[in-house]
1. Among the residues of the range 67-77, which ones are farther than 20 Å from Glu22 by Cα and either at pLDDT below 90 or of a type in the set (A, V, I, L, M) (or both)?
2. Among the residues in the range 71-84, are any within 26 Å of Glu27 (Cβ to Cβ) and of a type outside the set (S, T, N, Q)?
3. Could you please tell me which pairs satisfy a Cβ distance under 7 Å, a separation of 6+ or placement on different chains, a first residue in the range 1-20 that is under 21 Å from Gly57 (Cα atoms) and small (Gly, Ala, Ser), and a second residue that is surrounded by 10 or more Cβ atoms within 10 Å (Cβ to Cβ) and modelled with pLDDT of 85 or more?
4. Tally the residues that are touching a strand residue (DSSP E or B) at 6+ places or on another chain (Cβ under 6 Å) and either exposed (fewer than 15 other Cβ atoms within 10 Å of the Cβ) or assigned to a strand (DSSP E or B) (or both), restricting the search to the range 106-118.
5. How many of the residues in the range 18-66 are more than 20 Å from Lys93 (Cβ to Cβ), charged (D, E, K, R) and either modelled with pLDDT under 85 or surrounded by 11 or more Cβ atoms within 10 Å (Cβ to Cβ) (or both)?
6. I'd like to verify a number: residues in the range 72-82 that are in contact (Cβ under 8 Å) with a residue 24 or more places away in the chain and loosely packed, with under 14 Cβ neighbours inside 10 Å, how many?
7. For Arg50, indicate whether it is of a type in the set (D, E, K, R) and over 19 Å from Glu114 (Cβ atoms).
8. Mind checking which pairs have a first residue in the range 47-68 that is farther than 17 Å from Ala29 by Cβ and a second that is hydroxyl-bearing (Ser, Thr, Tyr), Cβ under 9 Å, 6 or more apart or different chains?
Amino acid sequence: MGHQYSVVFEHEPDPLDLAFLEERLAEAAVSAAGVGDEQEFAVIVRDGGRIVAGASGAMWGGGCQLHVVWVDQTMRHEGLGRDLMAEVERQAKDRGCRLVMGLTYDVLTGDYYERLGYRTVGLIENYPAGTTTRWYCKDL
């Protein structure tokens, strides 16, 4: 007898459901690659208790995958982003990672990653409309 299931598109998914899916994918990737467990991380910059910048991601399989890199608009162009990325790279290297990689949109970052020594390893032009999606990587 077949399984009874339904396929439902959810406009406002439960954050716990999203976390569940991300955890299952991470487990499957770690298992398939035959490498150690994924280690999530965050580097947070606070000014008087208020978060003004941060980065988060995961380290596994000899690499550091960035999920989020953000600097408050009022704190940009002061070197904070450079310092934030330097800490991510230092922590990744200390934990045995050989590279840092991630995805971004040119409309948000311009040549920020190139100035930090990252190279483009893939792109989709005109997505989202009017900009480019870029995958970048830096060997440590």
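The values are calculated or read from the model by the stated rules, or taken from the named source; none is laboratory data. Only a predicted model underlies this, so the values are computations on that prediction, with no experimental measurement involved. For neighbour counting, all protein chains shown are included, and Cβ atoms are generated from backbone atoms with ideal geometry for every residue, glycine included.
1. Let us first name the residues in the range 67-77 that are farther than 20 Å from Glu22 by Cα, namely 70-77.
Correct list: Val71, Met75, Arg76, His77.
2. The answer is no; no qualifying residue exists.
3. Short answer, once both residue conditions are applied: none.
4. Initially, the range 106-118 is screened for residues touching a strand residue (DSSP E or B) at 6+ places or on another chain (Cβ under 6 Å), giving 106, 113, 117-118.
Checking the rest, the ones that are also either exposed (fewer than 15 other Cβ atoms within 10 Å of the Cβ) or assigned to a strand (DSSP E or B) (or both) come to 117.
Within the range 106-118, residues that are touching a strand residue (DSSP E or B) at 6+ places or on another chain (Cβ under 6 Å) and either exposed (fewer than 15 other Cβ atoms within 10 Å of the Cβ) or assigned to a strand (DSSP E or B) (or both) number 1.
5. Residues that pass the stated criteria total 5.
6. If we filter the range 72-82 for residues that are in contact (Cβ under 8 Å) with a residue 24 or more places away in the chain, which is where we start, we get 75, 80-82.
Those still in the list that are loosely packed, with under 14 Cβ neighbours inside 10 Å too: 82.
Going through the range 72-82 one residue at a time, the tally reaches 1.
7. Numbers: of a type in the set (D, E, K, R): yes; over 19 Å from Glu114 (Cβ atoms): yes.
So Arg50 fits the description; yes.
8. Val52/Thr74; Val68/Ser56
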